Structure formats: C-alpha cells, structure tokens
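Novice: I have a structure here, written as structure tokens, and I will follow up with some questions on it.
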Amino acid sequence: QVQLVESGGGLVQPGGSLRLSCAASGSIFSINAMRWYRQAPGKQREWVAASTSGGSTSYASSVKGRFTVSRDNTKNTTYLQMNSLRPEDTAVYYCFSRLQRSWYYPAADYWGQGTQVTVSS
C-alpha cells in the first residue's frame, strides 16, 4: 500500500515562510511525477508546482518567484518552500504523485491527506 504524508502546514503572518514536505511510503518501484496542488475555501483545487525525477521544476504563475519545489529521490520526498506568503495563499495544500508500485503495475495516481496553510495577521 502506498501513502503520501504531508507535513509543515500552519499559521503564518503575511510575508512569512513555510516549508511543506510530502513523503511517499510503501511499495514503490518508480515515481513518475510529484506535484503540489491547493484548494482554498469555495474554490476548485488548483495546481501549484511540480518537480520531475530529473530535477526539472514548473510553477503556477501565482506562485512563481515565491515558491520553490524540490525533491529528494532517495527519500521519495518532495518539498515546497513558500516565501513571501500572502493571505490569498491560504488553502489546504495537497501532494500528488503518479507512481508505479512494481514494474508490472501501470502507473497510478495518489493523493496526500492535505495540510492547512493559513496566512493571516
């Protein structure tokens, strides 16, 4: 069984920083993608950032220049460093991974349980 476990959320003042972590555990053969999404109250879930196993990264325009995504392939973990946080960044942040549990399984999508980030003075 595969699990994605996020950590690092919390309450922070505008302009502050937080670092989220997402660790994939269980029977994992390979990870094709690891991404971050967020969902604010009353809004649809939106993509935030992504990292590949090769080190490429991409960001939503709303967070580019403020957020940095990274990945430790040896730990099957992705990180989201969030700087210069704004009230509009308040949301539940979700980790997503597309991975294979074994060489004979097709890739499947997995989601973490989410971690709350609140930016408020």
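The values are calculated or read from the model by the stated rules, or taken from the named source; none is laboratory data. None of these values were measured; they are calculated from a predicted model. Neighbour counts run over all protein chains shown; Cβ positions are idealised from the backbone, glycine included. Note: areas computed on protein heavy atoms with side chains; ligands, DNA, RNA excluded. Shrake-Rupley method; radii C 1.70, N 1.55, O 1.52, S 1.80 Å.
Residue-by-condition table, conditions (1) assigned to a loop (DSSP other than H, G, I, E, B); (2) surrounded by fewer than 20 Cβ atoms within 10 Å (Cβ to Cβ):
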| site | (1), (2) |
| --- | --- |
| Gly54 | yes, yes |
| Leu85 | yes, no |
| Arg98 | no, yes |
| Pro106 | yes, yes |
| Val117 | no, no |
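Novice: Is it the case that the stretch 31-38 has a residue that's open to solvent by 20 Å² or more (accessible area, probe 1.4 Å), at pLDDT below 95 and either farther than 17 Å from Ala91 by Cβ or of a type in the set (A, V, I, L, M) (or both)?
Specialist: Within the stretch 31-38, one or more residues are open to solvent by 20 Å² or more (accessible area, probe 1.4 Å), at pLDDT below 95 and either farther than 17 Å from Ala91 by Cβ or of a type in the set (A, V, I, L, M) (or both).
Novice: Another question about this same structure. Residues in the stretch 56-78 that are part of a loop (DSSP other than H, G, I, E, B) and open to solvent by 60 Å² or more (accessible area, probe 1.4 Å): how many?
Specialist: Number of matching residues: 6.
Novice: Determine whether the stretch 16-23 contains at least one residue that is open to solvent by less than 30 Å² (accessible area, probe 1.4 Å) and over 18 Å from Gly112 (Cβ atoms).
Specialist: Checking the stretch 16-23: at least one residue is open to solvent by less than 30 Å² (accessible area, probe 1.4 Å) and over 18 Å from Gly112 (Cβ atoms).
Novice: Same structure, new question: Answer yes or no: is there a residue in the stretch 38-51 that is under 18 Å from Gln3 (Cα atoms) and under 10 Å from the mean Cα position of the chain (by Cα).
Specialist: No, the stretch 38-51 contains no residue that is under 18 Å from Gln3 (Cα atoms) and under 10 Å from the mean Cα position of the chain (by Cα).
Novice: Another question, if that's okay. Considering only residues that are open to solvent by 70 Å² or more (accessible area, probe 1.4 Å), in a strand (DSSP E or B) and not aromatic (Phe, Trp, Tyr), which ones fall in the stretch 39-52?
Specialist: So in the stretch 39-52, the residues open to solvent by 70 Å² or more (accessible area, probe 1.4 Å) come out as 41-47.
Filter once more, keeping what is in a strand (DSSP E or B): 46-47.
Residue satisfying the conditions is Glu46 alone.
Novice: What residue, among those in the stretch 74-87 that are over 18 Å from Glu6 (Cβ atoms) and in contact (Cβ under 8 Å) with a residue 24 or more places away in the chain, is nearest to the chain's Cα centre (by Cα)?
Specialist: This residue is Asn83.
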